[in-house]
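Working notes, structure below.
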Amino acid sequence: MTVSKSTEDITEIDKRHIVHPWADFATAPSQGDLVISRGEGYHVYDSDGKKYLDGIAGMWCVNVGYGNREIAQAIAHQAEEMPYYTPFGAMTNPHAAELAKVLAELTPGDLNRVHFTNSGSTAVDSAVRFIHFYFNALGQPEKQVIISRTDSYHGSTYLTASLSGKAVDRTYFKYMTDIVHHVSGPNLFRRNKELSEEEYRQQLVDEFEQKILEVGPEKVACFIAEPIMGSGGVLIPPPGYHKAMKQVCEKYNILYILDEVVTAFGRLGEFFSAEAVWEIVPDIIVCAKGITSGYQPLGATIISDALFDKISGSNAPKDAYFTNGYTYSGHPVACAAALKNIEIIKRDKLCEHVKDVGPYFIEQLKTLERFDIIGEIRGNHLMACVECNISGNKTAAQEEDMATALIVDQFCDKAGLIIRPYEALLILSPPLIIDREGIDKLVSILAQSIERATEVVAEKYTLQAKCI
């Protein structure tokens, strides 16, 4: 069905009927919305025809870009051939089976068992549920505690919202506090600068081990970590961090979940970054977003043979039914989209492209550190963060830092660039097909917006970021 209503009509319908994710309820009844109506390449267009460079790939996910006819045709063909059948029990479909095989080939080590979900949130939820099932099946029901980190994001189900550690996201909901514990996430920008990166890493590892001993190793089931903490601010860990944390987990029989929802499928120049970038093989990898480049909703929990084999077949306890899954697990249309998406990433050598343009992207962004309102610019290939810091406070973002980020975002929006503001952060994750010309345009608009924002905030705040 074609929607031919005006922007004003769509906005009014939206305000009346849609409850958005992360909506500000104070302004939701009256707030107008940007209506994105189509996309092409690494650009999107609003319902009035204005063109924007999409600096966030939708939400970390439109890796192959917009308007890809091959994926659209794969979706249409599968919908005509067989749109859906139940995945429960022993039922499957050809595309789900083939995709599971492809994922097993792409992941490191013995990560060969795939449980399909609908999103990253449900993939993380399923990973934790599998681990609880696993330890219960082994006769260790006391191993239930999950250790996560501050500034992390793992989803918005009841369980995964509880795992997430972004303080600003915790509002009027209820969260699990009995089996969920948090330790400090790595934040090199806000660390005690008297510590070297190596000393800081050891401090984080020691804190993690102390938390395990405090809770009791016999009670801790797993540790979950994003390779790079995405929406928490593109927080890159100090060298050797994941290897050291994995060693602590192995010491206490704790399983390691690597949340690659953002980083998988090329964002760091690899299909999966676990072994290639961080030199670890986790017990479970979760992925979503880039698996279909956002063309269909799909997530996956990828489990090691070592775990699966211990509780299956002749090793399975009585009545060992894994009663976890979703009506749309392994949905044939979504799996068809994923297979074509992965084929395109391989054929068009997008991982190699990211390795080529990614360092250029970070290098160009770092030139913006010349502005007084910018505290730090950090990133890895095609995920980056510009942190506003006019307050000079290196311990925590202040009100003026957050206000500055919003002002920069407003100028970017007017100039035709979509970025993602969060507290004092401006987060960037463009489609993987972006080229040097697109990067130059993005950085140019961002520079102009920062310059204009500097003039605005200088009238209200004292700029101190470069004075300490």
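A Cβ distance below 9 Å, combined with a sequence gap of six or more or placement on separate chains, defines the contacts here; from segment 375-398, residues that are farther than 25 Å from E352 by Cα reach residues that are of a type in the set (F, W, Y) in the pairs G375/F189; E376/F189; E387/F189; N389/F189; I390/Y461; S391/Y461; K394/F189.
Among the listed residues K394, K355, identify the single one that is open to solvent by 20 Å² or more (accessible area, probe 1.4 Å), among the basic types (K, R) and at pLDDT below 95. Of the residues listed, the single one that is open to solvent by 20 Å² or more (accessible area, probe 1.4 Å), among the basic types (K, R) and at pLDDT below 95 is K394. Within segment 60-81, the set of residues being touching a helix residue (DSSP H, G or I) at 6+ places or on another chain (Cβ under 8 Å) and crowded, with 16+ Cβ neighbours inside 10 Å comprises W60, C61, N63, V64, N68, I71, A74, I75, Q78. With respect to the conditions (1) open to solvent by less than 30 Å² (accessible area, probe 1.4 Å); (2) at pLDDT below 95; (3) farther than 16 Å from V124 by Cβ; (4) among the hydroxyl-bearing types (S, T, Y), T177 falls short on a single one, namely (1). Listed by position, the strands (runs of 3 or more DSSP E) enclosed by segment 255-309 that each have at least 1 residues that are more than 15 Å from the chain's Cα centre (by Cα) and surrounded by fewer than 24 Cβ atoms within 10 Å (Cβ to Cβ) are 255-259, 299-304. Every residue in segment 290-343 that is β-branched (V, I, T) and at pLDDT 95 or above, please. Those that are β-branched (V, I, T) and at pLDDT 95 or above: I291, T292, T301, I302, I303, I311, T327, V333, I342.
Taken together, the residues in segment 6-59 that are more than 21 Å from A415 (Cβ to Cβ) and of a type in the set (D, E) amount to 5.
Residues satisfying the criterion are absent from segment 362-385 (criterion: loosely packed, with under 15 Cβ neighbours inside 10 Å, farther than 24 Å from L188 by Cβ and over 24 Å from the mean Cα position of the chain (by Cα)).
Among the residues of segment 119-150, which ones are in contact with a Leu (Cβ under 7 Å, 6 or more places away or on another chain) and either farther than 21 Å from K246 by Cβ or at pLDDT below 95 (or both)? Passing the criteria: only D125.
Yes/no per residue for (1) among the β-branched types (V, I, T); (2) in a helix (DSSP H, G or I); (3) open to solvent by less than 50 Å² (accessible area, probe 1.4 Å); (4) more than 24 Å from K193 (Cβ to Cβ):
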{"residue": "A403", "(1), (2), (3), (4)": "no, yes, yes, yes"}
{"residue": "L426", "(1), (2), (3), (4)": "no, no, yes, no"}
{"residue": "G438", "(1), (2), (3), (4)": "no, yes, yes, yes"}
{"residue": "K460", "(1), (2), (3), (4)": "no, no, no, yes"}
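Here segment 334-385 is the region considered, the condition is being assigned to a strand (DSSP E or B) and in contact with a Cys (Cβ under 9 Å, 6 or more places away or on another chain), and the residue that is farthest from I228 (Cα to Cα) is I374.
Here E218, E194 are screened, and the one residue that is touching a residue at least 12 places away in the same chain (Cβ under 8 Å), open to solvent by 40 Å² or more (accessible area, probe 1.4 Å) and in a loop (DSSP other than H, G, I, E, B) is E218. Whenever a residue of segment 266-285 is closer than 8 Å to L111 by Cβ, its partners that are charged (D, E, K, R), lying with C-beta atoms within less than 7 angstrom and at least six residues away or across chains, give the pairs V281/E275; I285/E260. Filtering K246, K251 for residues that are open to solvent by less than 40 Å² (accessible area, probe 1.4 Å), out of contact with any Asp or Glu (no Cβ under 7 Å at 6 or more places or on another chain) and not hydrophobic (A, V, I, L, M, F, W, C) leaves a single hit, K246.
Taking the stated definitions as given, is R129 closer than 24 Å to A338 by Cα, basic (K, R) and open to solvent by 10 Å² or more (accessible area, probe 1.4 Å)? It is false that R129 is closer than 24 Å to A338 by Cα, basic (K, R) and open to solvent by 10 Å² or more (accessible area, probe 1.4 Å).
The values are calculated or read from the model by the stated rules, or taken from the named source; none is laboratory data. Since the model is a prediction, treat every value here as computed from it, not as a measurement. Reconstructed Cβ throughout: ideal geometry from the backbone, glycine too, with neighbour counts over all protein chains shown. Accessible surface areas use protein heavy atoms only, side chains included; no ligands, DNA or RNA. Shrake-Rupley method; radii C 1.70, N 1.55, O 1.52, S 1.80 Å.
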